Every structure is written in structure tokens, then in C-alpha cells.
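What follows is a single structure, written as C-alpha cells, with notes after it.
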Amino acid sequence: MALPEPVRVSPLIKTCRWSALIAGIYWGFYRYKVHKAAADERRAYEAKMKPIWDAEAAEKKNAANRKELIYLATATGTPIPKDF
């Protein structure tokens, strides 16, 4: 059985397809640049703030640790040093 001959696609349809492809590529590059600029700005902000956030987290952790040690000392009857 022989295959039927393929249907010829109109030149207008071919042009529209290629135009849509090129427009999609252009739109993708444009959106990539917009999103990349925003992501770079956010990444720079996070890099600048990371040491500050880490210091705050360490401070909170130390405060919680100190509070827990004081609680344990009072629960066990251990005297707490004055400079603690």
C-alpha cells in the first residue's frame, strides 16, 4: 500500500509559523533578561544580609542556650556563677 502524498502547506501558514517561533524566542530572551536582573538584585541583597542574619541567628541560639542552662541549673540545684 502506497502512502498518500503529503499535503502542501500554504506559504502564508509557513510564514506565520516561523514568525511565531521567532517572536517566541525573542519574548523568551526578553523575559529572561527581566527575571535575571531581578534575581541578581535579590542575590546581591541576600549576600549582603547573610552575615547579619547569621549573627542574629547565633545570638538567638546563644540566648536560648543560656536560658536552658540556667533552667537546668536551677532544676538540679547547681549554683549559677555571677558572671554567667
Students often get this wrong, so try it: which of [x] -0.80, -0.83, -1.04; [y] -0.71, -0.74, -0.98; [z] -0.72, -0.77, -1.08 is log10 I(q)/I(0) by the Debye sum over Cα atoms at q = 0.14, 0.15, 0.22 Å⁻¹ as calculated from the structure shown? [x]
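Probe of 1.4 angstrom, ligands and nucleic acids ignored: what's the accessible area per residue over the chain, in square angstrom? Mind showing how you got there, number by number?
On the way: 8300 Å² over 84 residues.
Accessible area per residue: 99 Å².
Heavy atoms only, probe 1.4 Å: what % of the accessible area of the chain goes to carbon and sulfur, would you let me know?
65 percent
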Filtered trypsin sites (Lys or Arg not before Pro), the stretch 9-84: DSSP coil and at most 12 other beta carbons within 10 Å: LYS82
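The values are calculated or read from the model by the stated rules, or taken from the named source; none is laboratory data. Computed from a prediction, not measured in an experiment: that's the story for all the values here. Neighbour counts are summed over all protein chains in view; Cβ atoms, including those assigned to glycine, are modelled from backbone coordinates with ideal geometry. Accessible surface areas use protein heavy atoms only, side chains included; no ligands, DNA or RNA. Shrake-Rupley method; radii C 1.70, N 1.55, O 1.52, S 1.80 Å.
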